[in-house]
Amino acid sequence: HGYTVSAPVREDSHAPQGSVIDPLHRITITRQGQRVRVSGGAEIGHGNGSHHAPTLQTLYLALSGWFPGGALTSSPQVQVWRGARPTLTDGAPAIGASGVSGLWINTGHGACGWAQACGSARALADLIAQRSPAIDLQPFAPQRF
Ligand SMILES: Cc1cc2nc3c(=O)[nH]c(=O)nc-3n(C[C@H](O)[C@H](O)[C@H](O)COP(=O)(O)OP(=O)(O)OC[C@H]3O[C@@H](n4cnc5c(N)ncnc54)[C@H](O)[C@@H]3O)c2cc1C
């Protein structure tokens, strides 16, 4: 899992005007109108469903380190999102028939689920409709393991 923290801008001149990528900590800080969003972190395993404090702390530290005073991180309007990056051992998603009649799989996109969503959905829709997908889906077959 990874996290985003979205906080209201505190002082415009101290907040990012665009996006900043911190490759060392694998964190992105983005201006979103009157909010600043910091995203990243890697919490391995499925945890207990509650927020992983050390991962969140890394995000808060990156935000205050790059943009001191730029965001109101103690505001009640702060939103925290904990999202999954479901990943298989070979890094490729699983797209196709599950082996159970009527149940199709489209998962395991890891850190690229949004980027791959439309293409994966298109390819799976073609399979379900018994049309030939535009790409070879063999490398993504759920039965490859
Ligand atoms: C911090 C962060 C940044 C990211 N940035 C990017 C990016 O820049 N570009 C990109 O392409 N991808 C990015 N991703 C990855 C992307 O978010 C995921 O790959 C994508 O959301 C996976 O989509 P999904 O529909 O497979 O699963 P999810 O979005 O996780 O949806 C699964 C849904 O199932 C629900 N659910 C779970 N269990 C049950 C149950 N038992 N019963 C009913 N419902 C259940 C969950 O609540 C959830 O709503 C990022 C992920 C994170 C965490």
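The values are calculated or read from the model by the stated rules, or taken from the named source; none is laboratory data. These figures come from a predicted structure and were not determined experimentally. Methodologically, a virtual Cβ is constructed for each residue, glycine included, from the backbone with ideal geometry; neighbour enumeration extends over all protein chains shown. The area values use the complete protein model at the heavy-atom level, side chains included, leaving out ligands, DNA and RNA. Shrake-Rupley method; radii C 1.70, N 1.55, O 1.52, S 1.80 Å.
For the range 100-121, check the following and say yes or no: at least one residue is closer than 29 Å to G49 by Cβ and more than 16 Å from the ligand (Cβ to nearest atom). Yes.
Yes or no, residue by residue, for (1) more than 17 Å from A111 (Cβ to Cβ); (2) not in a strand (DSSP E or B):
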position: A7; (1), (2): yes, no
position: V20; (1), (2): yes, no
position: H25; (1), (2): no, yes
position: R31; (1), (2): yes, no
position: S39; (1), (2): no, no
position: G47; (1), (2): yes, yes
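Kindly indicate whether R31 is charged (D, E, K, R) and open to solvent by 70 Å² or more (accessible area, probe 1.4 Å).
no
Beta carbons closer than 7 Å, at least 6 apart along the sequence or on distinct chains, pair a first residue in the range 33-57 that is among the charged types (D, E, K, R) with a second that is part of a loop (DSSP other than H, G, I, E, B) and open to solvent by 30 Å² or more (accessible area, probe 1.4 Å) for E43/H1; E43/H52.
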